[in-house]
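Written below as structure tokens is the structure these notes are about.
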Amino acid sequence: MLAPSILLLGVFVYGFIAINFNTSFTDNHTSAQAAGGKPVSWVGFRNYLDLFADPDFQHSLRNLVVFTVVFLVGTMVIGFLWAWLLERPTKGEGVFRSIYLFPMAVSFIASGVVWRWLLNSNQGEHASGLNRLFQMVGLDFLQNPWWNNISWGVAAIALPAVWQLSGYVMALFLAGFRGVPDELREAGRMDGASEWQVYRHVVFPQLTPVALSALIIIGHMSLKSFDLIMAISKASNYQTKVPAVDMYIFKSNYDFANAAAVGGILLVIVAILVVPYLIYTSKEEGAR
């Protein structure tokens, strides 16, 4: 029963990965080569070396790090705090839970259209979106160019991503809180621990696997982010470029070798994040 699925997985996942890496080691940079009109030669790691030496691609990698840090920290902190608040008996918990989870049901493209208006960079008389709101409540000093900032603009695009995924992280942590046996909490209280000490020494350590899972899931989503960035900004906007956008631009220009090289770099980055987690979970399951 497993053989067909293994075959399909081997062809459509690992086979395509092998083709991608093979293309990234060639000089397939033109439409004529892509169409088979000109020969394609093997160039080894030259495409990778050229990309890492390119200041534009270095800017994309830096943007990716900024986006990932803001996205990860924002979703983890807000999701955890929401789960902590809902973990205690709360009237109308189901309503709050639905409200927090609702943004996750919206696609990144749809939310990106709305956030593109909210993060409008116009200020003063022409202000709109959040800048207009700050102006109306007397917080003019908070007005800023948002995603049009050259250095930190991509951090503004992480805000809607945080808004959209915090509810998902909350659901993970809430399940973790509810999974802690009451006997453990009672044992801590009987030993004279305060409520904060029960959380710190009994409950929070039990949430480590949940936190690790949330980190891996949100981390790999942030590394592959493309649709939200494209919905708010444009591929030609230097300030919000990330490797996934570079890959799209290369592919659109028939530069398949560089597009494949960027894809290979993203795959390696995601693997560096995910593989240690898989090893950790395998050891945990083996120890049981």
What are the residues in segment 229-243 that are surrounded by fewer than 22 Cβ atoms within 10 Å (Cβ to Cβ) and of a type outside the set (Gly, Ala, Ser), if any?
MET230, LYS234, ASN237, TYR238, GLN239
Hey, VAL69 modelled with pLDDT of 85 or more and within 24 Å of PHE141 (Cβ to Cβ) or not
no
Would a scan of segment 248-262 turn up a residue that is under 22 Å from VAL69 (Cα atoms) and open to solvent by 30 Å² or more (accessible area, probe 1.4 Å)?
no
What's the number of the only condition in (1) surrounded by fewer than 14 Cβ atoms within 10 Å (Cβ to Cβ); (2) in contact (Cβ under 8 Å) with a residue 24 or more places away in the chain that PRO276 fails to meet?
(2)
Is at least one residue of segment 181-195 in contact (Cβ under 8 Å) with a residue 60 or more places away in the chain and in a helix (DSSP H, G or I)?
no
Test result for SER282, modelled with pLDDT under 90, of a type outside the set (A, V, I, L, M, F, W, C) and surrounded by 14 or more Cβ atoms within 10 Å (Cβ to Cβ)
no
I'd like to check something: does segment 205-227 contain any residue that is basic (Lys, Arg) and without any contact (Cβ under 8 Å) to a residue 12 or more places away in the chain?
no
Please pick out the residue among SER41, SER24 that is touching a Gly at 6+ places or on another chain (Cβ under 6 Å) and of a type in the set (Gly, Ala, Ser).
SER24
Go through segment 54-69 and give me each residue that's surrounded by 13 or more Cβ atoms within 10 Å (Cβ to Cβ) and in contact with a Lys or Arg (Cβ under 8 Å, 6 or more places away or on another chain).
HIS59, SER60, ASN63
Exactly one condition in (1) crowded, with 17+ Cβ neighbours inside 10 Å; (2) part of a helix (DSSP H, G or I) is not met by HIS201; state its number.
(1)
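The values are calculated or read from the model by the stated rules, or taken from the named source; none is laboratory data. Bear in mind that the values here come from a model prediction, so they are computed numbers and not experimental data. Cβ atoms come from the backbone with ideal geometry, glycine included; neighbour counts cover every protein chain shown. Heads up: the accessible areas ignore ligands, DNA and RNA and are worked out on the full protein's heavy atoms, side chains in. Shrake-Rupley method; radii C 1.70, N 1.55, O 1.52, S 1.80 Å.
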